[in-house]
Amino acid sequence: MTAHPAPPGFVIQDVSDPWAFRALEEVQVAAWGYSDREVTPGTLFRISAVSGGVVLGAYRTSEPEQPVGLAFGFPAIQDGTVWHHSHLLAVDPSCRGTGLAVALKLAQRERVLAQGLTRMTWTFDPLVARNARLNLGKLGATAGTYLADWYALEADRAAAFPADRLLVEWDLTQPVTPRPAPAPHAERVLEALGDGPGPVLQRSGSAARLAEVPTNLDDLSATARRTWRLALREALGDALAQGFQVTDLAREGTRAFYLLTHPST
């Protein structure tokens, strides 16, 4: 396996051993609490790695057999255009804040460019602000498509929490220059009101918009989380349908706001 740059104390490697693929299943459980049916199996990693996919594992140098992170993606094609879709990025909670997630994406980018591809896509939950900071601010990707009810993650369709996602586009030909979070200087279409969101405001003619996203998601009630989901679906979905793109995550103290800008401005 070929080593790639990683934060001190870690190594990132291309995975090729069948048992190492199997071990990546546990990283998903640690990162997201997945049930067995939601875990991407090692057998799929195995066949993808020899069929044009990229499977990377991250390990502590002190425990080289126990993965603590992974990145997984595969070639995608539509209307004759080929690009790389990144399906999974997972980091064990004990390793968050180490820079490992960024290092995994950069190693994945390197592999994809070596295949001659220059575009990468993936999805993320717009309710998870830390993922937005990684995708938009640290990597420089943008999101232009809102995907409502993208996954079916629960058995009861009527009662399930909506699994909405934003579709991220990453131009691999551009240099990766992490930038600090900007201040929220634009018209606000969505702001918090207590634990929940206030009403979504309609704006016209503005070059930039802001939509707040909670940073204390784990502390909110199920009702508040669902209300935030639907408010962000309206605020982001409407703006993206008008040609706006989600380009950054602005910060104001402990508060976070999606920054939406229009390419024509």
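Annotations
- Relative contact order of the range 128-224, defined on C-alpha pairs under 8 angstrom at six or more residues apart (%): 27
- Modelled label reach - A183, point 7 Å along Cα→Cβ, the range 102-143 residues with backbone N closer than 11 Å: none
- Cleavage-rule hits (trypsin sites (Lys or Arg not before Pro)) in the range 45-136: DSSP loop, at most 16 neighbouring Cβ within 10 angstrom: R96
- For the range 43-137, share of DSSP beta bridges that run antiparallel, in % to the nearest 5: 90
- Volume per residue of the convex hull around the Cα atoms, evaluated for the range 200-265, comes out as 83 Å³.
- Whether the range 55-175 is rounded, prolate or oblate, judged on the alpha carbon gyration tensor where a/c under 1.5 counts as rounded: oblate
- Close amide H contacts of V68 (hydrogens built in the peptide plane, cut-off under 5 Å, sequence separation of 5 or more or a different chain): A58, Y59, R60.
- The range 119-146 and the range 233-265 have Cα centres lying 11 Å from one another.
- Contact order relative to length of the chain, as percent, for alpha carbon pairs under 8 angstrom and 6 or more apart: 14
- Note: relative contact order over the range 18-75, using C-alpha pairs below 8 Å and six or more positions apart, is 34 percent.
- Most to least accessible of W228, W32 (protein chains only, probe 1.4 Å): W32, W228
- Sequence of E63, E38 when ordered by accessible area, the most exposed leading, probe 1.4 angstrom: E63, E38
- In nm, spacing of pseudo-spin labels at D171 and Q115 (7 Å Cα→C-beta vector): 2.1
- Estimated FRET transfer efficiency (I77, S51; beta-carbon r; R0 22 Å; 0.05): 0.95
- Surface share of carbon and sulfur [accessible, 1.4 angstrom probe, percent] for the chain: 52
- To the nearest 10, the accessible area of V29 is 50 Å² with a 1.4 Å probe.
- Under 16 Å from the S16 label point (7 Å along Cα→beta-carbon), backbone N, the range 29-60: 46-57
- From helices alone, the chain scores -7500 deg cm²/dmol at 222 nm; the rule is -39500 (n - 2.57) for each run of n ≥ 4 DSSP H residues, then divide by the residue total.
The values are calculated or read from the model by the stated rules, or taken from the named source; none is laboratory data. Note that the coordinates shown come from a computational prediction; the quantities given were computed from them, not determined experimentally. As a convention, Cβ positions derive from the backbone with ideal geometry for all residues, glycine included, and neighbour counts pool all protein chains shown. To get the accessible areas, we keep the full protein, side chains included, count just its heavy atoms, and leave off ligands, DNA and RNA. Shrake-Rupley method; radii C 1.70, N 1.55, O 1.52, S 1.80 Å.
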